[in-house]
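Scroll down for the structure; my scribbles are underneath it.
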Number of protein chains: 2
Amino acid sequence: MGGDNAPSAIVAGARVAAEEHGINVLLVGRPDELGDVGDLEVLPASEVIAMDAEPGSSVRRMKDSSLVRAAEAVRDGKASAMISAGNTGATMASALLRMGRIKGVSRPAIATPIPRLAGTPTVLLDAGANADCTPEMLEQFARMGAIFCRDRYGVDKPKVALLSIGEEAGKGNALVKETYSAMEQVPWGALGAEFIGNVEGRDLMTDDADVVVTDGFTGNVALKTLEGGMKTLIAGLFDAFGSSPEAEAAAGDLAPALEPLYRRFNPDTYGSAVLLGVNGVCMISHGSSSGPAMTNALVTTAELLETDVVEHLRTAIAE
Amino acid sequence: MGGDNAPSAIVAGARVAAEEHGINVLLVGRPDELGDVGDLEVLPASEVIAMDAEPGSSVRRMKDSSLVRAAEAVRDGKASAMISAGNTGATMASALLRMGRIKGVSRPAIATPIPRLAGTPTVLLDAGANADCTPEMLEQFARMGAIFCRDRYGVDKPKVALLSIGEEAGKGNALVKETYSAMEQVPWGALGAEFIGNVEGRDLMTDDADVVVTDGFTGNVALKTLEGGMKTLIAGLFDAFGSSPEAEAAAGDLAPALEPLYRRFNPDTYGSAVLLGVNGVCMISHGSSSGPAMTNALVTTAELLETDVVEHLRTAIAE
């Protein structure tokens, strides 16, 4: 029920995921508003938490909302994961309140893939769950990010870095400086990862680091800045391509070469975020998710489930 | 003497600024290393603060460095502005220690232009001078940014916004929430500006806000994330353009349409930052500044000097 194109695009994307990729999808929402769901099963939920609703109070009040029911389905083993393109805060709150936290986790964090020109993405966390953080929180995010990066992207020994404004150890704000020391104490080898120190914003789209850790305020600003920049530059390119008949013809010739780049860097398509630290898999999709984006999100969620990442997080955080 | 291409590209760019744009340039540095300076005057300085040197101690110790001498030239009225592509921290420290602060300014801030598809850029500050900020600092940055935006870009009534992770007044980290209230108390009308509330990272390249205020940590991360994103996407485009003879031919046809976009969004060329709050004009150029970038920086510095921005800041902050 959530997202700018819900429910039609969400249902369409879910049907493709089921029919073409063999993924077992359970739709949660108002049955009479979902349109033709094909063979998909529907878990009825009478309420919808609006995109701009206050998350905490909505989740507490709207017990028959699609988000709360989806989180309960995961808690109760009726579903292996939940995925939503709706209200991000309410998605997190539903997951946190219904599934609970993994034992030992102080605060769940949003891990978001940042695309690179080639290879696996950089995992950025926290991308917005916790606006104010302590060094202990960042250090825990880093450990969760390393486990996730190994499981999700098969990176053998992920390079974990702290987002800062200079590469030297002393650079950064007070939070980063304190966190740096805490990061040096983590037994990275035992986690199958390594700490490489600070990186800067310009390194997010490079292969310098596999996991980049920051507070949820900075992470969300960085993520949205990047998305805004990509969208602006892509819009400028399309303007240029349409600026004359000659340009249009040349752009047509270039389309096959540009298409993979567009697919990789278009913020609407490059992948869902995951809420790490809750007792189950909770995926956060872009509000603007199209049908194909939702199919893609469901396919990647199914891939993630094969890795047993929640169990790995449980073991790593308990240690 | 500073910057990746110094001194040759800097001198070449300065000569073009003087010879083709009539700008009176004073070079500061080691006379025997500057090459052919044409008719440009040289202020000798025997020391060079390296790009990666610790700023504060270098500036205190190296009294005959080009940066310190340049700042003294502004202080003593021998120059109207200083500009450097060298060590940013040392540039700021030189300006701060030799020119001093404008009376009433708590901390100087770096204001950086963020390009948009059309029209004037968005002014982002602080882009890195102060890693840890208070609400009072941000509120003062906002006032300085508004004055600068009016003077530099002729924006009649600049829209001033606070960088956050949600547009509603209550969204953000503790610093932003506290600053929001402080911002509401500023007499924006008297400053010829207006406060429009929060914006998000994705709004930096749009015309939603003319001045966007944040702490120097977040601002620097956002700026470098944007630069990294632009560079990555531009690199991807060049890869695609060279991927086949057909693509190469089509890209050649598109070049005239793409060139203005490239010029506008290439981080190496889109403009220098300015240190607001010191008693004089101090411009901070990209370390990677080429000759044309330096010419452009000198031309825009001359434009800025015509506006008497330092005097306007002095009046506005004293009030």
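The values are calculated or read from the model by the stated rules, or taken from the named source; none is laboratory data. Because the structure is predicted, anything quoted here is derived from the model rather than measured. No Cβ is skipped: glycine too gets one built from the backbone with ideal geometry, and neighbour counts run over all protein chains shown.
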**Whichever residue in segment A:217-227 is closer than 10 Å to residue B:225 by Cβ and polar (S, T, N, Q) and, among such residues, is farthest from the other protein chains (Cβ to nearest Cβ)** = A:218
**Message:** Just the residues that are surrounded by 23 or more Cβ atoms within 10 Å (Cβ to Cβ), among the small types (Gly, Ala, Ser) and closer than 22 Å to residue B:51 by Cα, please, taken from segment A:150-171.
**Reply:** A:164
**Fill in**
When (1) within 29 Å of residue A:179 (Cα to Cα); (2) buried (at least 21 other Cβ atoms within 10 Å of the Cβ); (3) in contact (Cβ under 8 Å) with a residue 60 or more places away in the chain are applied to residue A:85, the one that fails is (1)
**Complete:** Inside segment B:135-169, the number of residues satisfying the requirement of being more than 19 Å from the chain's Cα centre (by Cα) and within 9 Å of chain A (Cβ to nearest Cβ) is 4
**Asked** Would you call residue A:214 more than 7 Å from chain B (Cβ to nearest Cβ), of a type in the set (Ser, Thr, Tyr) and either within 23 Å of the chain's Cα centre (by Cα) or over 30 Å from residue A:135 (Cβ atoms) (or both)?
**Response** yes
**Request:** Taking only segment A:24-47 into account, find how many residues are out of contact with any Lys or Arg (no Cβ under 8 Å at 6 or more places or on another chain), surrounded by fewer than 17 Cβ atoms within 10 Å (Cβ to Cβ) and aliphatic (A, V, I, L, M).
**Result:** 1
**Of all residues in segment A:241-278 being facing another protein chain (nearest Cβ under 10 Å) and within 27 Å of the chain's Cα centre (by Cα), the one that is surrounded by the most Cβ atoms within 10 Å (Cβ to Cβ)** = A:265
**Item:** Any chance residue A:289 is among the hydroxyl-bearing types (Ser, Thr, Tyr) and not assigned by TED's automatic domain parsing to the domain that holds residue A:131
**Value:** yes
**Complete:** Across (1) free of Cβ contacts under 8 Å to residues at least 24 places away in the same chain; (2) crowded, with 18+ Cβ neighbours inside 10 Å; (3) farther than 22 Å from residue A:275 by Cα; (4) hydrophobic (A, V, I, L, M, F, W, C), residue A:62 clears everything bar (3)
**Asked** Of the residues in segment A:279-319, how many are surrounded by fewer than 22 Cβ atoms within 10 Å (Cβ to Cβ), assigned to a helix (DSSP H, G or I) and over 16 Å from the mean Cα position of the chain (by Cα)?
**Response** 9
**Conditions (1) more than 7 Å from chain A (Cβ to nearest Cβ); (2) buried (at least 20 other Cβ atoms within 10 Å of the Cβ); (3) more than 15 Å from the chain's Cα centre (by Cα); number of the one not met by residue B:238** = (2)
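Could we say that residue B:203 is facing chain A (nearest Cβ under 8 Å) and either β-branched (Val, Ile, Thr) or surrounded by fewer than 22 Cβ atoms within 10 Å (Cβ to Cβ) (or both) here? So that I can check it myself, show each step before the final result.
On the way: facing chain A (nearest Cβ under 8 Å): yes; either β-branched (Val, Ile, Thr) or surrounded by fewer than 22 Cβ atoms within 10 Å (Cβ to Cβ) (or both): yes.
So residue B:203 passes the test.
Out of curiosity, is residue B:178 assigned by TED's automatic domain parsing to the domain that holds residue B:117, touching a strand residue (DSSP E or B) at 6+ places or on another chain (Cβ under 8 Å) and not hydrophobic (A, V, I, L, M, F, W, C)? Spell out how you get there, then give the answer.
Working: assigned by TED's automatic domain parsing to the domain that holds residue B:117: yes; touching a strand residue (DSSP E or B) at 6+ places or on another chain (Cβ under 8 Å): no; not hydrophobic (A, V, I, L, M, F, W, C): yes.
For residue B:178, the condition - assigned by TED's automatic domain parsing to the domain that holds residue B:117, touching a strand residue (DSSP E or B) at 6+ places or on another chain (Cβ under 8 Å) and not hydrophobic (A, V, I, L, M, F, W, C) - is not met.
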**Request:** Note down all Cβ pairs under 7 Å where the first residue falls in segment B:1-29 and is assigned to a strand (DSSP E or B), the second is crowded, with 22+ Cβ neighbours inside 10 Å and among the polar types (S, T, N, Q), and they're at least six residues apart or on different chains.
**Result:** B:28/B:66; B:29/B:66
**Asked** Among helices (runs of 4 or more DSSP H) lying entirely in segment B:34-102, which contain 2 or more residues that are closer than 17 Å to residue B:24 by Cα?
**Response** B:66-75
**Asked** Which of the residues spanning segment A:49-71 are out of contact with any helix residue (DSSP H, G or I) (no Cβ under 6 Å at 6 or more places or on another chain) and farther than 25 Å from residue A:21 by Cβ?
**Response** A:50, A:51, A:52, A:53, A:54, A:57, A:60, A:61, A:62, A:63, A:64, A:65
**Message:** On the basis of being touching a strand residue (DSSP E or B) at 6+ places or on another chain (Cβ under 8 Å), of a type outside the set (Val, Ile, Thr), at negative phi and buried (at least 20 other Cβ atoms within 10 Å of the Cβ), does residue A:219 make the cut?
**Reply:** yes
**Fill in**
Within segment B:1-23, residues farther than 17 Å from residue B:83 by Cα and surrounded by 13 or more Cβ atoms within 10 Å (Cβ to Cβ) come out as B:19
**Request:** Go through segment B:122-134 and count every residue that is within 14 Å of chain A (Cβ to nearest Cβ) and outside any loop (DSSP other than H, G, I, E, B).
**Result:** 2
**Prompt:** Within the bounds of segment A:229-238, is there any residue that is among the hydrophobic types (A, V, I, L, M, F, W, C) and touching a residue at least 24 places away in the same chain (Cβ under 8 Å)?
**Reply:** yes
**Message:** Tally up the residues in segment A:297-316 that are of a type in the set (A, V, I, L, M) and within 15 Å of residue A:192 (Cα to Cα), please.
**Reply:** 3
**Asked** Just one of the numbered conditions (1) in contact (Cβ under 8 Å) with a residue 40 or more places away in the chain; (2) over 19 Å from residue A:275 (Cα atoms); (3) surrounded by fewer than 23 Cβ atoms within 10 Å (Cβ to Cβ); (4) touching a Gly at 6+ places or on another chain (Cβ under 7 Å) is not true of residue A:75; which one?
**Response** (2)
